[in-house]
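All remarks here apply to the structure that follows.
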Amino acid sequence: MVYLIISLITGVIPIVGTLISIVISGPLSLGAVIYTHKMQNDQDLAFAGFFDGFKKFTNLFVTYLFQILIYIILAIPLFIMVGFEVLQAVMSGDEESVLEFGKIIVGSLSIFAVMGVVFLYVGISLRLSLIHI
């Protein structure tokens, strides 16, 4: 809940809010995990426990940047496949080419599904890696 509230507040701030969100997402996520772990083990719970992730800020920030880099690398083929088709359809100005692009997207749903599974796997794996930092 704390993570959600802070994310909503930073999301309202244009441009700077996105940068702030990138910087604090990892520590806040880990803070929620630490707090939950303390709750399960009947340890002392304090509101400040949500911010315990900031004690390992450097490692978390590097891990988060690494995660973003992996997502970008994985998304490049998708951007190339879809981006060139969109650009070609728009540049031609032909309505039929735009409709043809829609058919290509529908025909490529299996590729999008596989990419979705890959992104999900990488996302879960990298989130679990935060536990070991």
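The values are calculated or read from the model by the stated rules, or taken from the named source; none is laboratory data. In this text, all values refer to a predicted model and were calculated from it rather than measured experimentally. As a convention, Cβ positions derive from the backbone with ideal geometry for all residues, glycine included, and neighbour counts pool all protein chains shown. Quick note on the areas: whole protein, heavy atoms, side chains included, nothing else; ligands and nucleic acids left out. Shrake-Rupley method; radii C 1.70, N 1.55, O 1.52, S 1.80 Å.
Observations on the model:
- Note on region 13-40: residues that are under 18 Å from the mean Cα position of the chain (by Cα) and part of a helix (DSSP H, G or I) amount to 18.
- All of MET115, MET81 fail the test of being open to solvent by less than 90 Å² (accessible area, probe 1.4 Å), under 27 Å from LEU126 (Cα atoms) and either at pLDDT 75 or above or of a type in the set (Val, Ile, Thr) (or both), apart from MET115.
- Here LEU130 meets each of (1) of a type outside the set (Phe, Trp, Tyr); (2) surrounded by 14 or more Cβ atoms within 10 Å (Cβ to Cβ); (3) at pLDDT 75 or above; (4) touching a helix residue (DSSP H, G or I) at 6+ places or on another chain (Cβ under 7 Å) with one exception, condition (3).
- Any hit, region 53-76, residues being surrounded by fewer than 16 Cβ atoms within 10 Å (Cβ to Cβ) and over 30 Å from ILE6 (Cβ atoms): yes
- Output for region 35-51, where each listed residue is buried (at least 18 other Cβ atoms within 10 Å of the Cβ) and without any contact (Cβ under 8 Å) to a residue 24 or more places away in the chain: TYR35, GLY49
- Of the residues contained in region 87-104, none is found to be modelled with pLDDT of 80 or more, among the polar types (S, T, N, Q), in a helix (DSSP H, G or I) and surrounded by 11 or more Cβ atoms within 10 Å (Cβ to Cβ).
- Apart from one condition, GLN43 fits all of (1) assigned to a helix (DSSP H, G or I); (2) closer than 24 Å to LEU4 by Cα; the exception is (1).
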